[in-house]
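K.L.:
Here it is, the structure, as structure tokens.
The values are calculated or read from the model by the stated rules, or taken from the named source; none is laboratory data. What you are looking at is a predicted structure, and each value in this text was computed from that prediction instead of being measured. In this analysis, Cβ positions are derived from the backbone assuming ideal geometry, glycine residues included, and neighbour counts consider all displayed protein chains.
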Amino acid sequence: MQHDTANDHRRAVTTPAAQPLYIAPADETWVGLDGPALRVTRLSGAPQLFPLQRIGRIQSNQRVDWETAALLACAEHGIPVVFIDDEGAVQARLLGRPGLRDELSTRLLEFLLRPEALGMFEHWCGQHGARAARWAAFKLRMKGEKARRLSPREVRNRINDSAEAYAGARDALRTRQWLRTLAYGWMESHLRDLGLGRTTELSQVGQPQLASELTDILFWYLEPARLGWLKRRQLAAARKGEPRRSPTQREVVRLFERRATRAARHGREITSALHRWLIHET
């Protein structure tokens, strides 16, 4: 068999893209450090190793036990860790070192020195959130008034009503929280790559919670996918004559990952728009 040395060389010099790591335990789970990798151990199976250089961000259930050395290694490698509860609500965050590209960070910090900065930023978020809400309304083909005339509150109410009709109030809320937490994890990691790893904590001194505010905009672009998925699950159960099964957090992770490329494109468009606006304002 012929040996392709050129392909071997390309494989050797290509660094795999960093991927998110989700740790949602089915039984007792703990995370430790094993040299240059995280070691995830469960009672039900053999330990798994995840090289730190291949991890972009981590979302961990709060019931997972972490060794201090593993958390410090994540911080050293700039890997943010988000801890969530069983309902998908964020309980704590570990922010890694900020990225090297600091143009957006410099612009933002300069802008925030202005006394009217918070009001201006809130207005910018409102405008872009309304635009994203109209996009979601158009994608969902909302009836009645034209989608472009609906306010974000009206779009939100219609989405919530549809989600509850497809999945029930509890599961509609849980899938929304789970999906938003995943979007938040992506946005926080993206901001860190832009040099804003520390700026996401500016809310502690009265500054905007940047990752949260931008996630609110990004999440509109995920809502049509969530609603379509819940509708398909309801129709499938009805066809089989089976009771509706509650979605799992693992299923929502798969839903997000299937749309990760498109979500990332929208997320980058949001931060690019923010950057252009800050250039204009500073």
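K.L.:
Among the numbered criteria (1) in contact (Cβ under 8 Å) with a residue 60 or more places away in the chain; (2) more than 23 Å from Thr181 (Cα to Cα); (3) part of a loop (DSSP other than H, G, I, E, B), which single criterion is violated by Arg107?
P.N.:
Going through (1) in contact (Cβ under 8 Å) with a residue 60 or more places away in the chain; (2) more than 23 Å from Thr181 (Cα to Cα); (3) part of a loop (DSSP other than H, G, I, E, B) one by one, Arg107 breaks only (3).
K.L.:
Here is a further query. Any idea which residue in the range 245-281 is modelled with the lowest pLDDT, counting only those that are of a type in the set (Val, Ile, Thr) and out of contact with any Leu (no Cβ under 9 Å at 6 or more places or on another chain)?
P.N.:
Ile279
K.L.:
Still on this structure: Could you please give the count of residues in the range 35-55 that are touching a Pro at 6+ places or on another chain (Cβ under 8 Å), farther than 12 Å from Ala70 by Cα and outside any strand (DSSP E or B)?
P.N.:
2
K.L.:
Further question: Only one of Lys231, Lys240 is surrounded by 15 or more Cβ atoms within 10 Å (Cβ to Cβ) and more than 26 Å from His190 (Cα to Cα). Can you tell me which? First the steps, then the outcome.
P.N.:
Values: Lys240 fails: surrounded by 15 or more Cβ atoms within 10 Å (Cβ to Cβ).
Lys231 is the lone residue from the list that is surrounded by 15 or more Cβ atoms within 10 Å (Cβ to Cβ) and more than 26 Å from His190 (Cα to Cα).
K.L.:
Next question. Within the range 231-282, restricting attention to residues that are assigned to a helix (DSSP H, G or I), free of Cβ contacts under 8 Å to residues at least 60 places away in the same chain and small (Gly, Ala, Ser), which residue is nearest to Leu218 (Cα to Cα)?
P.N.:
Ser272
K.L.:
With farther than 18 Å from Leu227 by Cα, modelled with pLDDT of 90 or more and touching a helix residue (DSSP H, G or I) at 6+ places or on another chain (Cβ under 9 Å) as the only criterion, which of Glu122, Glu116, Glu103 stands out?
P.N.:
Residue meeting the stated conditions: Glu122.
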